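Worksheet for the structure shown next.
What follows is calculated from the coordinates using simple rules that are stated; it is not laboratory data. Here the structure is a predicted model, which means the values were calculated and not measured. Cβ sites come from the backbone with ideal geometry, for glycine too, and all protein chains shown count toward neighbours.
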Amino acid sequence: MSYPQPRTQLRTHVVENQPPPLEFVNAYEQDTVLREAVEREGGAWANDNLMALGGKVFDPEWIEKANLANRIVPELRRFNRFGQRVDTVEFHPSWHDIMGLAFEHEVHALPWRANRSGSHVARGAAEILFSQLECGVLCPVDITYGIVPMIRKQPELAKVWEPLMISKEYDSRQIPHWEKKGISMAFTSTEKQGGSDIRRNSTFATPTGQPGPGNEYLLTGHKWFCSAAGADIIFVVAQTEKGPGCFLVPRWLPDGTRNPISLERLKDKLGNKSNASTELEFEGTHGWLIGEEGRGIPTVMEFMLHTRFGCALIPTGMMRLSLTQAIHHTRNRTAFQRRLVDQPLMRNVLADLAIESEAATTMMMRIARAFDASVSDERERAFGRISVAVAKYWVNKRIVPFVHECLETHGGPGYIEESVMPRVYRESPIHGIWEGPGNVISLDILRAFRKEPLSGEVFFEELELVRGQDARLDATIDECRALVYDDHMPELRARYLAERMAIAIQAATLIRTAPNYVADAFCMTRLGDEGGKAYGTLPMSVDFDAIIQRAYPG
Ligand SMILES: Cc1cc2nc3c(=O)[nH]c(=O)nc-3n(C[C@H](O)[C@H](O)[C@H](O)COP(=O)(O)OP(=O)(O)OC[C@H]3O[C@@H](n4cnc5c(N)ncnc54)[C@H](O)[C@@H]3O)c2cc1C
């Protein structure tokens, strides 16, 4: 929180050389890279919404809400004072305010509401902006976004639920969903004995009458992780006679009673503090089947296409926030008679971070265009599917050292809770774990290339668009092609492949969209051997000033 007119003349010293808080800057307006990408990829019609949201990111009132929602963490209420079960999570009011902001700006539903070209681009940009304010709420927000296309496959359920899921009004009341103005969703699959390996799920669902899509089942078993615990409906993976299936499990039953969902415990987590993650049990819990019995894994993979997209967009936003904070701090602090931002070695660190951030942003916005086009274009659909996995893998491998480096540019104050950096740092590893940790996602990529020939075809088609423009990229494309089409490539090389593919797609996107000084610096250090392993190791020939100015004019 910033306080007006603090005293600087103290008894023993004068407080000086302290940067002002980064406030009242519009996060969208000052982000040239994001604005250009939104324009280029077809989302500029949403600029008013994005500008309004961008105005909240560095608004001290909203920053304070984000801090409070993370400091005063959710509490579990299993029983009321009469010993009756209520299985409820109580959040700080700031959590609800931030959820309301996300709904107001349609981060949970823009493409499903707008139904127009460019809406995944617009939503992607909104998520990049929102993650700079607070990431915890983006768990229920992204799950809600991801479930809408699933539920549309079950028209009789969609008729009831979809209008509530895509409503712009967030409704925090813990009352039956049919009395609410809008609802949010949770998703749970992970059990104690297995998370990635969904087939090991032991929670079992038995039909109450006729089995089949849209019909009612009773679920018995446990889930070890279920985040977004304030949600109205839980999307659950459970075993059926024919294998895994997906179920919609509401908190309230049609007769107005509580569905028996026992919240056993809240997780005490490293970060992501505002978001409540529970352990729960089902005992004769009512759920409605989405899709066919035994087809749960393809249904989950379809859902994860959208949530993985979010798991790559959010760290992209965290990169942007950390970079902005780093440039702001170093512009406003001097050491050894110079502003930090003017110290040659600091310029190297900032420029290196800036090209990484631009590479992530432009790649994510290109993928967003593929999501938009996928309605009518099978090739773009295939490109979106494969590239979202590649991007999710790589941005999450880059984010933790990225945030660490930005934190370090602040010196000691970056390590102190009052700065935003510790919260961002604690948040930074989570999206690497969700929706498939690094190994799982790399193996998925390998499997997709082997099983779906179109994946490789469209991915290389995209890379070939810039063939001949950078010899290092040409060589990397050839290397990737050799790996993908080598039937004997062992799975232990899957991470290497995912990394090379990600860097190649980032380089290709930058060559097409960014100024030469950005694309060239990226290619010479990420594809060539002119950079080091840590940030801040760009070679002399790079145009440091131009890169930093582009990242944050000032
Ligand atoms: C804060 C938080 C909130 C969460 N919220 C939810 C939620 O709301 N809903 C939900 O369903 N889950 C949730 N999870 C769980 C999360 O999705 C799982 O932890 C994740 O999917 C991994 O499953 P696991 O923990 O069982 O790890 P495992 O599956 O046991 O994997 C452990 C490690 O082994 C690796 N591995 C797995 N298979 C292979 C293989 N074949 N080859 C090589 N390596 C392999 C993985 O990459 C990983 O690094 C949450 C987790 C956290 C930390």
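Using the Cβ-Cβ distance between MET540 and ASP197 with R0 set to 45 Å, the FRET efficiency works out to roughly 0.35. Once Lys and Arg get +1 and Asp and Glu get -1 on their Cβ, which of PHE449, GLN549, MET304 lies farthest toward the positive end of the dipole of the chain? Comparing the listed Cα positions along the dipole, MET304 ranks first.
For GLU452 and ARG331, a Förster radius of 41 Å and the Cβ-Cβ distance give a FRET efficiency of 0.30, rounded to the nearest 0.05. Once fully extended, how much extra length lies between ALA482 and GLU418, figured as 0.36 nm per residue of separation less the alpha-carbon to alpha-carbon distance? Gain on stretching ALA482 to GLU418: 18.1 nm. For GLU191, the residues whose modelled amide H falls within less than 5 Å of its own, excluding neighbours fewer than 5 places apart on the same chain, are TRP224. Size descriptors for the range 298-551: radius of gyration and Dmax over Cα atoms are 18.4, 60 Å.
Each Lys and Arg Cβ is given +1 and each Asp and Glu Cβ -1; about its Cα centre, the range 184-293 then shows a dipole of about 420 debye. Could you compute the net charge surrounding PRO211? Neighbours are other residues with a C-beta less than 9 Å from the C-beta of PRO211; K and R count +1, D and E count -1. After counting each charged neighbour, the total is -1.
Summing Lys and Arg as +1 and Asp and Glu as -1 over all other residues whose Cβ lies under 10 Å from the Cβ of ALA519 gives a net charge of -2. For the range 32-165, a simple Cβ point-charge model (Lys and Arg +1, Asp and Glu -1, everything else neutral) yields a dipole of about 500 debye relative to the Cα centre. Were the residues from LYS153 through ILE433 laid out at 0.36 nm apart, the gain over their Cα-Cα distance would be 98.0 nm. In the chain, one over the average inverse separation of all distinct C-alpha pairs is 24.3 Å, which is the Kirkwood hydrodynamic radius. With r defined as the distance between the Cβ atoms of GLN18 and ARG71 and R0 fixed at 35 Å, what FRET efficiency is calculated, to the nearest 0.05? About 0.95, to the nearest 0.05.
Which value, in debye to the nearest 20, gives the size of the charge dipole of the chain about its Cα centre, when Lys and Arg are +1 and Asp and Glu are -1 at the Cβ? Using Cβ point charges on Lys, Arg, Asp and Glu, the chain gives about 900 debye. Considering only SER131, LEU157, HIS120, and ranking their Cα positions along the charge dipole of the range 32-165 that arises from unit charges at the beta-carbon of Lys, Arg, Asp and Glu, the one farthest toward the positive end is LEU157. For ASP268 and GLU29, the difference between the fully extended length at 0.36 nm per residue and the C-alpha to C-alpha distance is 82.3 nm. Annotation for the range 346-433: GluC sites (Glu not before Pro) lying in DSSP loop with at most 14 further Cβ atoms inside 10 Å of their Cβ are GLU417, GLU418.
By the rule of a C-alpha distance below 26 Å, with chain neighbours fewer than 8 residues away ignored, the lysines paired with LYS269 are LYS65, LYS192, LYS223, LYS392, LYS397. Structural descriptor for the range 350-455: relative contact order 26 percent, calculated from alpha carbon pairs under 8 angstrom and at least 6 residues apart. Using the charge dipole of the chain (Lys, Arg: +1 at Cβ; Asp, Glu: -1 at Cβ; taken about the Cα centre), state which of VAL14, PHE187, ALA475 has its Cα farthest towards the positive end. In the chain, that residue is VAL14. If you take the Cα centroid of the range 457-481 and the Cα centroid of the range 204-219, the two points sit 49 Å apart. Evaluating 6.51 cos²θ - 1.76 cosθ + 1.60 at θ = phi - 60° for every residue in the range 217-230, the Karplus couplings come out as 10, 10, 9, 9, x, 10, 9, 8, 9, 9, 7, 6, 5, x Hz, glycine and proline recorded as x.
Computed from backbone phi, the HN-Hα couplings of the range 180-186 come to 9, 8, x, 10, 10, 10, 10 Hz, rounded to whole numbers (Karplus: 6.51 cos²θ - 1.76 cosθ + 1.60, θ = phi - 60°; Gly and Pro given as x). Scanning residues 5 or more positions from ARG77 or on other chains, those with amide H under 5 Å from its amide H are THR88, VAL89, GLU90, with H placed 1.01 Å from N in the peptide plane.
Every helix of 4 or more DSSP H residues in the chain counts as -39500 (n - 2.57), and over all residues that averages to -16000 deg cm²/dmol at 222 nm. Each Lys or Arg adds one and each Asp or Glu takes one away; over the other residues whose Cβ falls under 12 Å from the Cβ of ASN272, this sums to +2. In this label model, ARG493 and ARG85 are separated by 5.2 nm, measuring between points 7 Å along each Cα→Cβ vector.
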